[in-house]
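Q: One structure follows; several queries about it will come next.
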Amino acid sequence: MSQNGQLLNFVNGQWRRSSAGQYLDVVNPATAAVMTTVPLSPGAEVDAAVQAAAAAFPAWRQTPVGDRIQHLFKLKALLEEHIDEIAAVITDECGKTFAESVGELRRGIENVETACGAPILMQGYNNEDIARGIDEHMIRQPLGVVAAITPFNFPGMIPLWFLPYAVATGNCFILKPSEKVPATSSRLFELLEQAGFPPGVVQLVHGAKETVDALLDHPTVKAVSFVGSTAVAKYIYSRATANGKRAQCQGGAKNPVVIMPDADMETTVRIMSDSAFGCAGQRCLAASVAIPVGEAHDAFAEGICDAASSRKVGYGMDEGVQMGPVITPQSKDRIAGLIEKGAQEGANVLVDGRNRTVSGYDDGYWVFPTVLDNVDPSGEIARTEIFGPVLSLMRTETIEDAIELVNNRAYGNMACIFTNSGSAARQFRYAADAGNIGVNIGVAAPMAYFPFSGWNESFFGDLHGQSHHGVEFYTQTKVVIERWPKEWSRRF
Ligand code: NAD
């Protein structure tokens, strides 16, 4: 997967050195050590991958679905066998703790398992006698060559939101992973190679904007799946659809959580601490705004400040570490700047995670858990995705006011409520303007057999990733109406 410290592309069943003019360093954010380098592959290399995929498509499509999924069963076994080793790669290039890396791989494996249901999931339907002697059928056929562009924060899981469904339904798939965390994908593709997919069915092209643009403009690419920031999601959705492709583009988030006075406070604080500070807050489903109602405020603020101050921060492979670094020095500076902005807008910085370091890892990109209180709901910090371990508190007196705050946002990835009241939970579930809802849950991440929803500025498209949605996205429906009069048949 690499040669002389340079990651290779995987095209047409072979590991190939890129002719890229530029390679970027891939850096361990806990140590600032360079792990490897990644090519910014030019458009010609995208074209080679697309040509190989298009050549592989007819035979792959004709391979019975029951045979196609045998490669996914092999992949599942290989992922289980190598889970710890791949998790260590994720921790080294992405920064999260080893336990978090294993956790994200489990969610990725779950998608491989779910896609093994393709023989049932991609079935069509039919009616006999829509008119006398005439039958009508709907069948699902693959699109051809499809591609996915993925972000840095879940390098093991997010490619698997797409690849298993795409290939199980008979498509040929190209991955362009994040250039910040490319080594995990390279390791994944070594396993895909061992799983025995025919050349051209699964391919890996490293790179950044130029590589992505080549995929978006290539006439043979039929569909694009994207996960990343909202600005890029919008760009990719508009360029892909303008070029006549299907697109599903998941964007950024700013997830609010309402805490009712009747919530069990100890459990709420524990779950909220994991949601806000787990993965260093670099989760699209991280709790980022806490909205305690009435007297919930003081107890929650006290509990979450204790949890924030006592969280053990460090290198994710070290024993007992509960939170790793953020991804880059630029990210660290941006988060620190947003904390400062919040203070300027009148927030009280109850726990300040800036200017901290971890002994023995002085060069790491550290931001410790941070809690801001009295955040102005109309201020910049209330609207901006921080994507770091920062929780903002906003006070309210009623559930109606809290729901108004929840819905007063551009994003709509997740909204949660902590309560002991079924009616409060129902009122919230009914009214909250978000695609993933949690009731006494801190990270409402749908299982692989449900769509990963997401609304408003958090999603552009109609069919989401995972489950039936993934199968529908990667297939086109064909409707057949048939008449076979008996009198036309040869008589025997
Ligand atoms: P990003 O948007 O910077 O990058 C995502 C991908 O897009 C990468 O592969 C990158 O190479 C490519 N890219 C970046 N700029 C581009 C451009 N101008 N043109 C074409 N391609 C470009 O996102 P990131 O920083 O890697 O990931 C963090 C973001 O992802 C956060 O906003 C987070 O909320 C979001 N995210 C969303 C979900 C979800 O399910 N909605 C899940 C995970 C992450």
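The values are calculated or read from the model by the stated rules, or taken from the named source; none is laboratory data. Small disclaimer: the values here were computed from a predicted structure and weren't measured. All Cβ positions, glycine included, derive from the backbone under ideal geometry; neighbour counts span all protein chains shown. Keep in mind that these areas ignore ligands, DNA and RNA; they rest on the heavy atoms of the full protein, side chains included. Shrake-Rupley method; radii C 1.70, N 1.55, O 1.52, S 1.80 Å.
Q: Please list, ordered by residue number, the helices (runs of 4 or more DSSP H) wholly in segment 16-99 having 3 or more residues that are in contact (Cβ under 8 Å) with a residue 24 or more places away in the chain and among the small types (Gly, Ala, Ser).
A: Once the helices (runs of 4 or more DSSP H) in segment 16-99 are filtered for at least 3 residues that are in contact (Cβ under 8 Å) with a residue 24 or more places away in the chain and among the small types (Gly, Ala, Ser), what remains is 43-62.
Q: Within segment 381-400, which residues are touching a residue at least 40 places away in the same chain (Cβ under 8 Å) and not β-branched (Val, Ile, Thr)?
A: ALA382, ARG383, GLU385, PHE387, GLY388, PRO389, LEU391, SER392, LEU393, MET394, ARG395, GLU397
Q: Could you check LEU463 against (1) open to solvent by 90 Å² or more (accessible area, probe 1.4 Å); (2) in a loop (DSSP other than H, G, I, E, B); (3) under 22 Å from GLY438 (Cα atoms) and say which number it fails?
A: With respect to (1) open to solvent by 90 Å² or more (accessible area, probe 1.4 Å); (2) in a loop (DSSP other than H, G, I, E, B); (3) under 22 Å from GLY438 (Cα atoms), LEU463 is out only on (1).
Q: Could you please let me know if GLU136 is touching a Pro at 6+ places or on another chain (Cβ under 9 Å), in the same structural domain as ARG246 (by TED's automatic domain parsing) and open to solvent by 50 Å² or more (accessible area, probe 1.4 Å)?
A: In short, no.
Q: Let me ask another. Condition (residue is assigned to a helix (DSSP H, G or I) and either over 21 Å from GLY13 (Cβ atoms) or in contact with a His (Cβ under 9 Å, 6 or more places away or on another chain) (or both)) applied to segment 120-133: is it met by at least one residue?
A: yes
Residue-wise test of (1) among the hydrophobic types (A, V, I, L, M, F, W, C); (2) over 25 Å from VAL102 (Cα atoms); (3) free of Cβ contacts under 8 Å to residues at least 12 places away in the same chain; (4) open to solvent by 10 Å² or more (accessible area, probe 1.4 Å).
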| position | (1), (2), (3), (4) |
| --- | --- |
| PRO256 | no, yes, no, no |
| MET265 | yes, yes, no, yes |
| ILE291 | yes, yes, no, no |
| ILE304 | yes, yes, no, no |
| GLY314 | no, no, no, no |
| GLN322 | no, no, no, yes |
| PRO325 | no, no, no, no |
| LYS332 | no, no, no, yes |
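Q: Kindly establish whether PRO182 is touching a helix residue (DSSP H, G or I) at 6+ places or on another chain (Cβ under 9 Å) and open to solvent by 10 Å² or more (accessible area, probe 1.4 Å). Reasoning before the result, please.
A: Numbers: touching a helix residue (DSSP H, G or I) at 6+ places or on another chain (Cβ under 9 Å): yes; open to solvent by 10 Å² or more (accessible area, probe 1.4 Å): no.
Against the criterion (touching a helix residue (DSSP H, G or I) at 6+ places or on another chain (Cβ under 9 Å) and open to solvent by 10 Å² or more (accessible area, probe 1.4 Å)), PRO182 does not qualify.
Q: Within segment 450-459, is even one residue surrounded by fewer than 22 Cβ atoms within 10 Å (Cβ to Cβ), more than 15 Å from the ligand (Cβ to nearest atom) and either at pLDDT 95 or above or part of a loop (DSSP other than H, G, I, E, B) (or both)?
A: No, segment 450-459 has no match at all.
Q: Scan ALA183, ALA87 and give me the residue that is within 16 Å of the ligand (Cβ to nearest atom), touching a Leu at 6+ places or on another chain (Cβ under 8 Å), in the same structural domain as GLU45 (by TED's automatic domain parsing) and closer than 26 Å to ALA32 by Cβ.
A: Just one listed residue meets the conditions, ALA183.
Q: Going by the structure shown, is TYR411 in contact with a Lys or Arg (Cβ under 6 Å, 6 or more places away or on another chain) and open to solvent by 10 Å² or more (accessible area, probe 1.4 Å)?
A: For TYR411, the condition - in contact with a Lys or Arg (Cβ under 6 Å, 6 or more places away or on another chain) and open to solvent by 10 Å² or more (accessible area, probe 1.4 Å) - is met.
Q: Go through segment 197-216 residue by residue and tally those that are away from the ligand (no atom under 12 Å from the Cβ) and open to solvent by 40 Å² or more (accessible area, probe 1.4 Å).
A: In the first step, residues of segment 197-216 are kept if they are away from the ligand (no atom under 12 Å from the Cβ); the result is 197-204.
Then keep just the ones that are open to solvent by 40 Å² or more (accessible area, probe 1.4 Å); that gives 198-199.
Total satisfying the criteria: 2.
Per-residue answers, yes or no, for (1) closer than 30 Å to GLU397 by Cβ; (2) within 16 Å of the ligand (Cβ to nearest atom):
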residue	(1), (2)
THR268	yes, no
ALA276	yes, yes
ALA301	yes, no
ALA307	yes, no
GLY316	no, no
GLY360	no, no
LEU372	yes, no
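Q: On to the next question. If I ask for residues that are within 14 Å of the ligand (Cβ to nearest atom) and either touching a Pro at 6+ places or on another chain (Cβ under 8 Å) or open to solvent by 10 Å² or more (accessible area, probe 1.4 Å) (or both), which ones from segment 227-241 would you list?
A: VAL227, GLY228, SER229, THR230, ALA231, VAL232, LYS234, TYR235, TYR237, SER238, ARG239
Q: So GLY281 passes all but one of these: (1) outside the structural domain of VAL112 (by TED's automatic domain parsing); (2) more than 11 Å from the ligand (Cβ to nearest atom). Which condition number does it fail?
A: (2)
Q: In segment 340-367, what residues are surrounded by 22 or more Cβ atoms within 10 Å (Cβ to Cβ) and hydrophobic (A, V, I, L, M, F, W, C)?
A: ALA347, TRP366, VAL367
Q: Hey, which of the strands (runs of 3 or more DSSP E) in segment 345-436, taking only ones fully inside, have at least 2 residues that are farther than 30 Å from LEU463 by Cα and over 28 Å from the mean Cα position of the chain (by Cα)?
A: 348-351
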